[in-house]
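Take a look at the structure below.
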Amino acid sequence: MPGLLTGLCVLLLLAVLWLAMQLKQQRGQAQQLAAQEQARSDQLHQQNGRLEAALLEKAELEHKLREQAEAFERLANEDDLSGLPNRRAFDDVLARDMAAARRTGRSLSLVVLSIDHLKQINAEWSRAVGDLVLCEVGDLMRRSLRASDMPARLGNKEFAVLLADTALPEAEVACQRLQRLFGQYAEWGGHEAGDIKVSFSAGVVQLGEDDQAPVLFYQRAKNALAQAKKEGRARTCAA
């Protein structure tokens, strides 16, 4: 009887030890699975972080590319000195506005103006001063014109203004207003009041039936400008 009891105790002890080993093994497997799951979670988190960084980098790159494209577009259509639209932009808008005016029957006027004696200003005060004068001309033109009008710099000292929905008399009034602004502006080229005098000669025309092409319309304005120069400059001639 004692031997049987001893045997049962040994078996029970062995069973407990086996169960403890099984529990320890299962706990180890559970810890291993948890570690693997954590590793997969960490890896997924890292992958998501890299993906978010890549998407952010892509968005920043696209933004920079858009900015560069817009900058190139501005360079292609903007005069780098005065900040006004350049000859290319002017030609595009001139053709478009002429077609629109013919289609709608609305008036369209064109002013071509030239800064008087710019070469003399460059020679007496320096080219840098002359460039500053051209910048100030662009600023005065923007300030004196309507939002619907288009000022542009066509060449060294030549500017133009497209006046939409404007008949010839109104265009002449706009030129007179700009002439007054030139006369009232005192500190040309960054110098003291009265040191430098700046004026312009202008030719102004209204779109007519004979202006079948932009070049013909523009040439009529140029002819009127030549007449203004011939008559003594600092004046506007209409044709």
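If you take the residues in the stretch 119-137 that are open to solvent by 90 Å² or more (accessible area, probe 1.4 Å) and of a type in the set (D, E, K, R), which one is farthest from residue 81 (Cα to Cα)?
124
Condition check ((1) closer than 30 Å to residue 237 by Cβ; (2) at pLDDT below 80; (3) in contact with a Cys (Cβ under 8 Å, 6 or more places away or on another chain); (4) part of a helix (DSSP H, G or I)) across all residues:
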{"position": "6", "(1), (2), (3), (4)": "no, yes, no, yes"}
{"position": "12", "(1), (2), (3), (4)": "no, yes, no, yes"}
{"position": "36", "(1), (2), (3), (4)": "no, no, no, yes"}
{"position": "93", "(1), (2), (3), (4)": "yes, no, no, yes"}
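Give me the pairs, please: first residue somewhere in the stretch 217-239 and farther than 10 Å from residue 204 by Cα, second residue anywhere and at pLDDT 95 or above and of a type in the set (Phe, Trp, Tyr), beta-carbon distance under 8 Å, and either six or more positions apart or on two chains.
234/200
Checking residue 180 against (1) in a loop (DSSP other than H, G, I, E, B); (2) over 20 Å from residue 92 (Cα atoms): exactly one of these is not met. Which one?
In the conditions (1) in a loop (DSSP other than H, G, I, E, B); (2) over 20 Å from residue 92 (Cα atoms), residue 180 misses (1) alone.
Being farther than 20 Å from residue 106 by Cα and assigned to a helix (DSSP H, G or I) is the filter; apply it to the stretch 138-172 and report the residue that is most open to solvent (accessible area, probe 1.4 Å).
Per the criteria, the residue is 143.
Can residue 107 be described as open to solvent by 30 Å² or more (accessible area, probe 1.4 Å), closer than 23 Å to residue 211 by Cα and modelled with pLDDT of 95 or more? Give the steps one after another, and end with the answer.
Working: open to solvent by 30 Å² or more (accessible area, probe 1.4 Å): yes; closer than 23 Å to residue 211 by Cα: yes; modelled with pLDDT of 95 or more: yes.
Yes; evaluated as a whole, the condition is true for this residue.
So, in the stretch 187-223, exactly how many residues are more than 31 Å from the chain's Cα centre (by Cα), open to solvent by 50 Å² or more (accessible area, probe 1.4 Å) and among the small types (Gly, Ala, Ser)?
So the answer is 1.
Mind telling me which of the residues 175, 237 ends up being outside any strand (DSSP E or B) and closer than 21 Å to residue 94 by Cα? Before the answer, list the steps.
Details: 237 fails: outside any strand (DSSP E or B).
Answer to the check: 175.
Is it true that residue 134 is out of contact with any Gly (no Cβ under 6 Å at 6 or more places or on another chain), at pLDDT 95 or above, over 18 Å from residue 108 (Cα atoms) and in a helix (DSSP H, G or I)?
On the way: out of contact with any Gly (no Cβ under 6 Å at 6 or more places or on another chain): yes; at pLDDT 95 or above: yes; over 18 Å from residue 108 (Cα atoms): yes; in a helix (DSSP H, G or I): yes.
Answer is yes for this residue.
Residue under question is residue 208, and the condition is that it be without any contact (Cβ under 8 Å) to a residue 24 or more places away in the chain, at positive phi and not in a helix (DSSP H, G or I); does it hold?
The answer is no for residue 208.
The values are calculated or read from the model by the stated rules, or taken from the named source; none is laboratory data. For clarity, every value in this text was computed on a predicted model and none was experimentally measured. Ideal geometry is used to build each Cβ from the backbone, glycine not excepted, and the neighbour counts take in all protein chains shown. The area values use the complete protein model at the heavy-atom level, side chains included, leaving out ligands, DNA and RNA. Shrake-Rupley method; radii C 1.70, N 1.55, O 1.52, S 1.80 Å.
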